[in-house]
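> Sharing a structure with you now.
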Amino acid sequence: MLYATTGLRRQEILSLTPEDIDYEKRIITPNNHLGETKKSWCSFYNEEAETALNEYLATKNHSRSRRVFPMQRQEVVELWKTAKKRLD
């Protein structure tokens, strides 16, 4: 949901840490050194994305990784393919 609604690039989403997210204000400030944009910027997320993020965080075990989404790029590609098939 964050990938679809925030404008963040795939690598920025995959590199997010809990410190990059202001849960109270629903603002994400990605690690700017990882994406194409070298300047600091932020993105807001809506209530629907907030609900999805909270549900995801409540069900995942993040003890082994500092990243919010500890997955590889190819996994994201496969998730998008699955989502597209469901919509078709």
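All of the numbers you see were taken from the coordinates with simple rules; none came from a lab. Not measured: the values here are computed from a predicted model. For neighbour counting, all protein chains shown are included, and Cβ atoms are generated from backbone atoms with ideal geometry for every residue, glycine included.
> Report the longest stretch of the chain that contains none of the GluC sites (Glu not before Pro) sitting in a DSSP loop with at most 14 other Cβ atoms within 10 Å. Could the numbers behind the result be given before it?
Details: sites that count: E24, E36.
Longest site-free region, per DSSP loop and neighbour criteria: 37-88.
> Once label points are set 7 Å from the Cα along Cα→Cβ at both K60 and D88, what is their separation, rounded to one decimal in nm?
Result: 2.6 nm between the two label points.
> Amide H of N31 versus every other amide H placed in the peptide plane: which residues, excluding those fewer than 5 positions away on the same chain, fall under 5 Å?
none
> Hey, another quick one. What's the longest piece of the chain with no exposed trypsin sites (Lys or Arg not before Pro), counting a site as exposed if DSSP puts it in a loop and it has at most 13 other beta carbons within 10 Å?
Working: sites that count: K25, K38, K39, K60, R64, R66.
Answer from the scan: 1-24.
> Could you give the length gained on full extension between T51 and Q72, defined as 0.36 nm per residue of separation minus the Cα-Cα distance, in nm?
Working: separation 21, 0.36 × 21 = 7.56 nm, distance 2.31 nm.
Additional length available on full extension: 5.2 nm.
> Oh, and also: Per the helix-only calculation at 222 nm, which mean residue ellipticity applies to the chain, given -39500 (n - 2.57) for every DSSP H run of n ≥ 4 and division by its residues, nearest 500 deg cm²/dmol?
Details: 4 runs with 37 residues, N = 88.
When only DSSP H runs of four or more count, the value is -12000 deg cm²/dmol.
> Place a point 7 Å from Cα of F44 in the direction of its Cβ. Which residues in region 1-27 have their backbone N less than 18 Å from it?
Within reach of a label on F44: 2-8, 21-27.
> Determine the shape class of the chain: with a ≥ b ≥ c the square roots of the Cα gyration tensor eigenvalues, call it rounded for a/c under 1.5, and otherwise prolate if a/b is greater than b/c, oblate otherwise.
Numbers: a/c = 1.32, a/b = 1.23, b/c = 1.08.
Rounded shape, in that the Cα axes give a/c under 1.5.
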